[in-house]
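Encoded as structure tokens, the structure appears first; notes follow it.
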Amino acid sequence: MSNAEVLRHDESLMRMALEEARKGRYIAPPNPAVGCVLVRDGQIIARGHTHAPGSRHAEVDAIENALAAGISVEGATAYVTLEPCSHYGRTPPCALRLIKEKIRRVVVGVLDPNPLVAGRGVAMLREAGVEVLTGVLEKECFESNIGFLTRMKTGLPWVRMKVAASLDGRTALANGLSQWITGPSAREDGQRLRARAQGLLTGIGTVLADDPQMNVRCDASLPSPAKYIFDTRARTPVTARILQGAPATVFVGTDAWDADVRALENAGARVVALPLNANGHIELASAVKAIGDDAVNELHVEAGAGLNGGLLAAGLVDEIVCYAAPAMIGRGPGWANLPEFRTMDEIFRWHFHEVLPVGEDLRIVLRKTV
């Protein structure tokens, strides 16, 4: 085959590895969800994906699946969406297992910036005589683990802000009624977006106004993320539904009343005191960093206009997912309180990453314009 044909062949098999990786999306975190496909003599002999922390990684899963079927993997090519790990954690290094099983060639989608790996997996393979090719469908493989890779590079989670709004940017009627602006398909899609995150962030305004539980309801098999509440004065009621189910962390200001903090802790919440900014509000960057320190790869934000605006103004949002309904509300709250700009050069500009119909609504995914 020509070089171009080899590349197309490798890309085709890497796409299959990406399909495998998606199987681990909800169970792998805080580890990355990785996919692996083993090929020998032009035939796929096994597939695998990352399982829950402490159990099989994708490469080992594929190897064990082959061996369980009585198939030798010696001389095979492994297509893996992320660089094989090179360190001992809860499991031994995947790179060593590939070497032990005499894998001939490893095709890698994206390198792992985890300081415990960071090129060492590839180096280990090459030192053992394994042929290694990197960067195949690199962009797609990065996207498949965008939260983990972002946290490894920056220490911060990938922050995704979810919004449901009318075409004129309203999230409710002037009297506060908001159920339902979008249709059932968009609401279920939003629930699945919640489930792929490890943390869900909201503010005390939303807690007091709506008393939401903030869990995943569309599918009992999907996990509900840990919950985080910005609550400077510790006003979250101990009976709030958000304190039920998945663990909840309440970020309060350093001057919150001790009695209120103790009441929340007695109700099962973890309370974290953070410094206040000049306006007397919680320092948002400190809170997002603290969430990253909890091994949250993807942080899902469902909040009111105040917190949304604060996060945007602080430059802490990586992605906006807006479910836009074909409706116009008129007077009513918007989804983000932004500063008053005086020139067009000051406004926040994003780019359309994806626009897809979901039922009768549109899912508009925005990313920062760099």
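The values are calculated or read from the model by the stated rules, or taken from the named source; none is laboratory data. Nothing here was measured: the structure is a model prediction, and the numbers come from that model. Glycine also receives a Cβ, built like all others from the backbone with ideal geometry; neighbour counts cover every protein chain displayed. Accessible surface is based on the protein model in full, side chains and every heavy atom, while ligands, DNA and RNA are left aside. Shrake-Rupley method; radii C 1.70, N 1.55, O 1.52, S 1.80 Å.
Among the GluC sites (Glu not before Pro) within the range 51-122, which fall in a DSSP loop and have no more than 13 other Cβ atoms within 10 Å of their own Cβ?
The qualifying sites are E74.
Given +1 on the Cβ of Lys and Arg, -1 on the Cβ of Asp and Glu, and no further charges, what dipole in debye does the chain carry about its Cα centre, rounded to the nearest 20?
In debye, rounded to 20, the chain gives about 320.
Over the chain, what percent of the accessible surface lies on carbon and sulfur atoms, probe 1.4 Å?
Of the solvent-accessible surface of the chain, carbon and sulfur hold 52 percent.
When the chain is fully extended, how far beyond the present Cα-Cα distance does E5 get from R104, taking 0.36 nm per residue of separation?
Difference between extended and current length: 33.7 nm.
How much net charge surrounds V130 when only other residues with a Cβ under 10 Å from its Cβ are counted (Lys, Arg +1; Asp, Glu -1)?
Counting the neighbours of V130, the net charge comes to +2.
By the scheme Lys and Arg +1, Asp and Glu -1, what is the net charge of all other residues having a beta-carbon under 12 Å from that of L193?
+3
Calculate how steeply helix 284-293 sits against the longest principal axis of the alpha-carbon atoms of the chain, using the helix alpha-carbon long axis, and give the answer as 0 to 90 degrees to the nearest 10.
In the chain, helix 284-293 runs at an angle near 30 degrees to the longest axis.
So for the range 158-287: antiparallel DSSP bridges make up what percent, rounded to the nearest 5? Don't skip to the answer; put the middle values down first.
Numbers: 1 of 15 bridges.
Expressed as a percentage, antiparallel bridges in the range 158-287 total about 5.
Which entry is the computed mean projected area of the Cα convex hull in nm² for this structure: (i) 21.6; (ii) 27.3; (iii) 19.3?
From the options (i) 21.6; (ii) 27.3; (iii) 19.3, the structure gives (i).
Just want to confirm a number: the relative contact order over the chain, from Cα pairs under 8 angstrom separated by 6+ residues, in percent.
RCO, the chain: 15 percent.
Give a quick list of chymotrypsin sites (Phe, Trp or Tyr not before Pro) in the range 1-108 that DSSP marks as loop, anything other than H, G, I, E or B, with at most 11 other Cβ atoms within 10 Å. Working shown, then result.
Numbers: sites: Y26, Y79, Y88; in loops: Y26, Y88.
Passing sites in the range 1-108 are Y88.
Mind checking the per residue accessible area of the range 286-370 for me, 1.4 Å probe, whole number of Å²?
With the other protein chains kept in place, the range 286-370 gives 53 Å² per residue.
If you take the square roots of the eigenvalues of the alpha-carbon gyration tensor of the range 213-331 and sort them as a ≥ b ≥ c, do you get rounded (a/c under 1.5), prolate (a/b over b/c) or oblate?
Details: a/c = 1.59, a/b = 1.21, b/c = 1.32.
Taking the square roots of the gyration eigenvalues as a ≥ b ≥ c, the range 213-331 is oblate.
Over the range 122-270, what is the relative contact order in whole percent, taking alpha-carbon pairs under 8 Å and six or more residues apart? Please report the intermediate quantities before stating the final value.
On the way: 163 pairs, mean separation 21.2, N = 149.
Contact order relative to length: 14 percent.
Once you keep just the Cα pairs under 8 angstrom separated by 6 or more residues, what percentage relative contact order results for the range 108-175?
Answer for the range 108-175 is 30 percent.
If you count only protein heavy atoms with a 1.4 Å probe, what accessible area per residue comes out for the range 28-70, rounded to a whole Å²?
38 Å²
To the nearest 10 degrees, how steep is helix 58-68 against the longest Cα principal axis of the chain, on a 0 to 90 scale?
So the inclination is approximately 50 degrees.
Report, to the nearest 10°, how far helix 184-195 tilts away from the longest principal axis of the Cα atoms in the chain, using its own Cα long axis and a range of 0 to 90°.
Approximately 70 degrees, to the nearest ten.
Distance between Cα centroids, the range 203-239 to the range 182-196: provide it in whole Å.
Value for the Cα centre distance between the two parts: 16 Å.
If one computes the Cα centroid of the range 277-349 and of the range 1-24, what distance in Å separates the two points?
Using only Cα atoms to place each centre, the spacing works out to 37 Å.
Only loop residues by DSSP count here, and only those with at most 16 other Cβ atoms within 10 Å; note down the chymotrypsin sites (Phe, Trp or Tyr not before Pro) in the range 200-291 that meet that.
Taking the range 200-291 and a limit of 16 other Cβ atoms within 10 Å, the loop chymotrypsin sites (Phe, Trp or Tyr not before Pro) found are W257.
Straight-line reach from K162: which lysines have a Cα under 17 Å away, not including same-chain ones fewer than 8 places off?
K227, K368
Have a look at the DSSP beta bridges in the chain and tell me what percent are antiparallel, nearest 5. Walk me through the numbers before you get to the answer.
Values: 26 of 63 bridges.
If we restrict to bridges inside the chain, about 40 percent are antiparallel.
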